[in-house]
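To start, the structure under review is shown below, and the notes come after it.
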Ligand code: AP5
Ligand code: MG
């Protein structure tokens, strides 16, 4: 299964991907996690990305595509993948199609998790207290939501117009959301 998980910051992409990865037995590729690992390692790429991420802006398309190419060059992605955090603008959507085409692949579904902004702000405020992620500060969350509306929402529209979008309600227990996703992508495998 080749899955693209879409949704606003805090919509539960990472949380659900962690479960889907076990269920589908394919790697979870989170561009946010890859970037945070670079920041933590203090690599040149990480140093470049750190401030951009902290304020809630997008890191350059060029850096992202390089990272993604690198990740997709690993054998484990042949079995499938759950892509989380990419694409975030139309240029990235085109780059993803090209990258997959060059590998003789296509994704099976683009799943959008929908959560209203009020709940998103609440979730991320909770995580800011618990984990202290730099971009969960209120100003950065505002910026991330703005960037999402301006740059990522058109990607969702693009996939919708191309009949590639599956919309899933992201509000409810982790279990409930997980079951909705599974039902949407693979009804024959639905549990519970
Ligand atoms: P990234 O790491 O992708 O962050 P994000 O998409 O902004 O948001 P999150 O990861 O916070 O949300 P999520 O949807 O994964 O939700 P989660 O499961 O964590 O990107 C970070 C930054 O990296 C970007 O701003 C950008 O700078 C850069 N970047 C990354 N990709 C890029 C790209 N392609 N191009 C350019 N730049 C890029 O859940 C959130 C919280 O809610 C958690 O506390 C969780 O416990 C809780 N929660 C989850 N599900 C539920 C539920 N059902 N009910 C209640 N609480 C829940
Ligand atoms: Mg995430």
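The values are calculated or read from the model by the stated rules, or taken from the named source; none is laboratory data. None of these values were measured; they are calculated from a predicted model. Cβ: placed from backbone, ideal geometry, glycine included. Neighbour counts: every protein chain shown.
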*Residue that is within 13 Å of ligand 2 (Cβ to nearest atom) and either surrounded by fewer than 18 Cβ atoms within 10 Å (Cβ to Cβ) or at positive phi (or both), where the choices are 14, 42*: 14
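Looking at the structure I just gave you, is residue 103 in contact with a helix residue (DSSP H, G or I) (Cβ under 7 Å, 6 or more places away or on another chain), more than 21 Å from residue 166 (Cα to Cα) and at pLDDT 95 or above? First the steps, then the outcome.
Values: in contact with a helix residue (DSSP H, G or I) (Cβ under 7 Å, 6 or more places away or on another chain): yes; more than 21 Å from residue 166 (Cα to Cα): yes; at pLDDT 95 or above: yes.
Against the criterion (in contact with a helix residue (DSSP H, G or I) (Cβ under 7 Å, 6 or more places away or on another chain), more than 21 Å from residue 166 (Cα to Cα) and at pLDDT 95 or above), residue 103 qualifies.
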_Of all residues in region 110-135 being farther than 19 Å from residue 90 by Cβ and within 16 Å of the chain's Cα centre (by Cα), the one that is surrounded by the fewest Cβ atoms within 10 Å (Cβ to Cβ)_ = 114
*asked:* If I filter region 57-88 down to residues being within 7 Å of ligand 1 (Cβ to nearest atom) and not in a helix (DSSP H, G or I), which single residue comes out as surrounded by the most Cβ atoms within 10 Å (Cβ to Cβ)?
replied: 87
_So, restricting to helices (runs of 4 or more DSSP H) that lie completely within region 121-192, which ones have at least 2 residues that are modelled with pLDDT under 95?_
none
*Would you pick out the residues in region 15-53 that are touching a strand residue (DSSP E or B) at 6+ places or on another chain (Cβ under 6 Å) and either free of Cβ contacts under 8 Å to residues at least 60 places away in the same chain or within 26 Å of residue 150 (Cβ to Cβ) (or both)?*
17, 26, 27, 28, 29, 30
*Name every residue in region 102-120 that is assigned to a helix (DSSP H, G or I), touching a residue at least 24 places away in the same chain (Cβ under 8 Å) and away from ligand 2 (no atom under 16 Å from the Cβ), in order of residue number.*
117
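Confirm whether residue 88 is more than 13 Å from the chain's Cα centre (by Cα), within 16 Å of ligand 2 (Cβ to nearest atom) and under 21 Å from residue 28 (Cβ atoms).
No.
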